[in-house]
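J.: To start, I am sharing the structure in question, which I have written as structure tokens.
The values are calculated or read from the model by the stated rules, or taken from the named source; none is laboratory data. None of the values given here were measured: they were computed from a predicted structure. Here the Cβ is made from the backbone with ideal geometry for all residues, glycine too, and neighbour counts use every protein chain on show. Note: accessible area is taken over every heavy atom of the protein model, side chains too, but ligands, DNA and RNA are not part of it. Shrake-Rupley method; radii C 1.70, N 1.55, O 1.52, S 1.80 Å.
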Amino acid sequence: MGLVLFGLAEAILIASGAGVSPWTVLAQGIAKHTGWSIGFVTMIVSFAVLALWIPLKQKPGIGTILNALIIAFMIDFSVALLPHPEAFIWQVLQAAIGVGMIGIASGIYLTANLGAGPRDGLMKGLQAKTSFPIAYIRIGIEVTVVLIGWYLGGVVGVGTLLFAFGVGPCVAVGILFVRRFL
């Protein structure tokens, strides 16, 4: 359920037109050059990131694989069905809803303990290899992928900033919500 909601929330961000999460900026940029759908590129990038787990000695769980598949499917399935607002205020509101939903979705899938997502495992593996603080590792990864994606033509905007500054608090609230009510 958490991965379905996460994919839907990513699609809400994409459909908003206000900017997307860093990894989706990368997927948009790659999609622009390949003609592939954003969901398909998201899945390919997820499996490429999983390949980076090998030298980092990370072990995937069933949730890791499902993360790559379900989120990608939900993005492609949902984007066409969602509103694509033209007014800036509605774009920002829709992006904010997407970020909030990612928080709840993350709370659900993270508390299931079925394996880290591909990007989270990369972060954990790099932290273990380098001993750098996890915050620096994650910031470095996110900045790198957003810059590459932006260079390739992905959309960076207010939604990207909402994600960057809002996803941490939203995930914290999502985990609290799941632990308390589910």
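J.: Given the structure, is residue 163 at pLDDT below 95, within 15 Å of residue 24 (Cα to Cα) and assigned to a helix (DSSP H, G or I)?
T.: Criteria met by residue 163.
J.: For residue 88, work out the one condition from (1) at pLDDT 95 or above; (2) open to solvent by less than 50 Å² (accessible area, probe 1.4 Å) it doesn't fulfil.
T.: Condition not satisfied by residue 88: (2).
J.: Moving on to the next point. Quick one: in the range 7-62, which of the residues that are on the phi > 0 side of the Ramachandran plot and in contact (Cβ under 8 Å) with a residue 40 or more places away in the chain is surrounded by the fewest Cβ atoms within 10 Å (Cβ to Cβ)?
T.: 57
J.: May I pose another question? Could you please let me know if residue 72 is in contact (Cβ under 8 Å) with a residue 12 or more places away in the chain and open to solvent by less than 80 Å² (accessible area, probe 1.4 Å)?
T.: yes
J.: Another question about this same structure. Can residue 121 be described as closer than 15 Å to residue 23 by Cα and part of a helix (DSSP H, G or I)?
T.: The answer is yes for residue 121.
J.: Right, something else. Out of all the residues in the range 38-57, is one or more outside any helix (DSSP H, G or I) and closer than 24 Å to residue 140 by Cα?
T.: yes
J.: If you take the residues of the range 133-153 that are farther than 18 Å from residue 168 by Cα and among the aromatic types (Phe, Trp, Tyr), which of them is surrounded by the fewest Cβ atoms within 10 Å (Cβ to Cβ)?
T.: 151
J.: Could you tell me which numbered condition residue 110 fails, if it satisfies all but one of (1) open to solvent by less than 20 Å² (accessible area, probe 1.4 Å); (2) in contact with an Asp or Glu (Cβ under 9 Å, 6 or more places away or on another chain); (3) at pLDDT below 95?
T.: (1) is the only condition that residue 110 fails.
J.: Now for a separate question. Filter the range 97-118 down to residues that are aliphatic (A, V, I, L, M) and not in a helix (DSSP H, G or I), then give me how many there are.
T.: Residues that pass the stated criteria total 3.
J.: Where residues in the range 154-177 are over 15 Å from the mean Cα position of the chain (by Cα) and farther than 13 Å from residue 101 by Cα, which of them is least open to solvent (accessible area, probe 1.4 Å)?
T.: Applying the filter and picking the extreme gives 157.
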